[in-house]
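Following: one structure in structure tokens, then a few remarks.
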Amino acid sequence: MFDPFIAPSGTLLGLLQRGRGDGTLHALAAPRSEALAALHHCVLSDPRHDWQVENRSLYYARLYLDLDGGVEEIERHLSDPEDHLDTDDSRTGLALSVLGHLAAYGRGDALAVLRRYAATGSNWAWALDELALRDDDAGLRSLAEPVLARFADDAEGRAELAATVRDAYEPRPWRLWADDPRETVGARVRAASEQGSFDRWQRQMRPGGPRPGWSVRAVFDWARQGLERGSLLHVPAARCLAAVAGPEDRPEIVEAARGGPDAARCAALHYLAAEVRDPAVLDLIEAAATEPRGTVADAAVTAFERMCGEDAVERARRWARRPDALGASAAGVLAGRGGPQDAPAVLGALRDAVRGDGPDAPRLWPLVDGAGRLGIACAAPVLRHIYRETSSSQLRGRTARALAVTDPSFATGFAVECLWDCEETTREIAALHAETGDLRVAERLRRLAADPAEEAEVQSAVRSRIGPDAPAV
């Protein structure tokens with residue numbers, strides 16, 4: 001999937017793409033046709049950089065309800081001929097999840113679209129998972145024949161069906177269909193389920209990878225074979241070394257960390273850093289971090305981040321000024337484990353990251369957390385900038401948590417809009433901090449408390465503000 005185009009943060013589309021609470025508030029104040037056009041754009045062109053960790057579906061579904069929007073545009077998108085050419089989950093996953101939430105809110109039109117797509121669409125398995133959570137037994141039973149018709153009744157089709165049943169995210173439909181008295185439904189599903197269980201048992205009986213009695217050299221060879229196949233196995237190889245290596249093997253492991261083949265060197269660095277915490281590993285990491293080979297340099301940085309203890313923090317204070325990846329990692333270590341004396345270094349790294357790489361830089365995550373952990377009040381301006389501009393709703397939530405500690409205006413400012421944010425953790429922060437003197441806050445807290453789709457953690461935070469023992473809202 002290509003990186004999505006994200007509109008400027010000051011536009012309605014940009015706010016909705018980011019999942020910001022202000023997106024909902026601006027949409028409700030905008031002309032309805034304009035708001036719905038921006039909403040359709042977001043749902044049909046997923047704006048998330050990582051759809052597996054960022055939430056948008058409930059956020060967009062709630063806005064559909066507030067705007068009384070129909071699902072015709074979503075249905076046209078799902079039924080487009082492109083659906084059978086571009087079968088990537090990123091094309092339809094968000095739209096299907098939005099329909100699932102709308103169905104949970106009682107929208108029959110959304111439920112009907114999900115049923116039709118589960119019967120005919122290319123991403124039918126996702127639609128079936130949504131229905132498994134929301135549809136009744138009769139609706140699911142009606143889909144048995146069209147779904148099973150996708151699998152040929154030959155050896156290859158039976159194998160595909162067995163793998164699908166075995167790996168189903170929501171097993172409810174398959175369990176219902178297994179009880180179907182029809183030979184073409186119940187018998188097929190039961191046979192597929194039995195085959196899937198047998199396949200799983202066979203995999204367990206043929207484990208790959210290290211076995212008891214392996215030597216250090218055998219572990220290194222296993223890591224090398226993985227690297228040759230394109231698999232990075234140095235982290236599990238380090239755990240294997242912890243099981244097979246003794247004190248007499250230390251010279252061999254240290255030598256491998258100093259200049260061995262790439263796979264062995266990476267595994268040895270991780271072993272020395274995380275398993276035995278050998279003080280010599282810090283110098284070995286520093287040398288490896290300058291290697292032109294990216295695999296070794298990246299492994300050195302990752303190994304350093306896994307280290308515990310004051311030695312690692314002291315070395316991080318020396319390395320935090322470096323302009324390379326190890327310097328950025330060292331600043332992250334200080335952000336997570338440093339003391340008050342490290343606040344200037346963390347603040348400097350935070351500002352440098354925003355200036356150099358923008359508000360979506362991966363190295364911002366630990367630095368934002370560190371600004372909040374260390375209570376760096378003068379970091380509030382740059383944190384506010386990250387909050388407004390980042391396209392990552394996860395990073396914005398971390399920034400909101402840091403602002404709750406560093407920015408005295410948070411309770412009357414960003415915390416208010418965070419009550420409408422797409423991330424439940426951000427809504428939880430807002431529920432704990434938003435100033436209840438604002439009439440919008442009081443009404444929103446009541447609505448979140450009554451919404452059956454809201455996460456339990458958010459509702460617990462809300463109850464702490466509006467419960468019988470809480471101050472009046």
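For this structure, a couple of remarks:
- Gained length - E160 relative to H385, 0.36 nm times residue gap less alpha-carbon distance: 76.1 nm
- Across S464, S392, the residue with the most accessible area heads the list, and the full order at a 1.4 Å probe is S464, S392.
- D137 - accessible surface, heavy atoms, 1.4 Å probe, Å² rounded to 10: 60
- Extension gain from R306 to L85, taking 0.36 nm per residue of separation minus the Cα-Cα distance: 75.3 nm
- Distance between the pseudo-spin-label points of S409 and A152 (7 Å out from Cα toward the beta carbon): 6.6 nm.
- Solvent-accessible area, 1.4 Å probe, carbon plus sulfur percent, for the chain: 52
- Shape parameters for the chain, alpha-carbon atoms, Rg then Dmax in Å: 26.5, 75
- Length added when fully stretched, E170-E34, from 0.36 nm per residue minus Cα-Cα: 45.3 nm
- For the range 433-456 versus the range 31-50, the gap between their alpha-carbon centres in whole angstrom: 24
- Look at the alpha carbon pairs under 8 Å that are at least 6 residues apart: their mean separation over the length of the range 277-347 gives a relative contact order of 23 percent.
- Solvent-accessible area per residue in the chain equals 47 Å², computed with a 1.4 angstrom probe and all protein chains kept.
- Electrostatic tally near T87: other residues with Cβ closer than 14 Å to its Cβ, Lys and Arg +1, Asp and Glu -1, net -4.
- The Cα-based radius of gyration of the range 8-117, divided by its Kirkwood radius, gives an Rg/Rh of 0.95.
- Pairwise FRET efficiency - A191 versus D109, Cβ, R0 = 30 Å, nearest 0.05: 0.25
The values are calculated or read from the model by the stated rules, or taken from the named source; none is laboratory data. If you're wondering where the values come from, they're calculated on a predicted model, not measured in any experiment. Neighbour counts run over all protein chains shown; Cβ positions are idealised from the backbone, glycine included. Heavy atoms of the whole protein, side chains included, go into the accessibility calculation; ligands, DNA and RNA do not. Shrake-Rupley method; radii C 1.70, N 1.55, O 1.52, S 1.80 Å.
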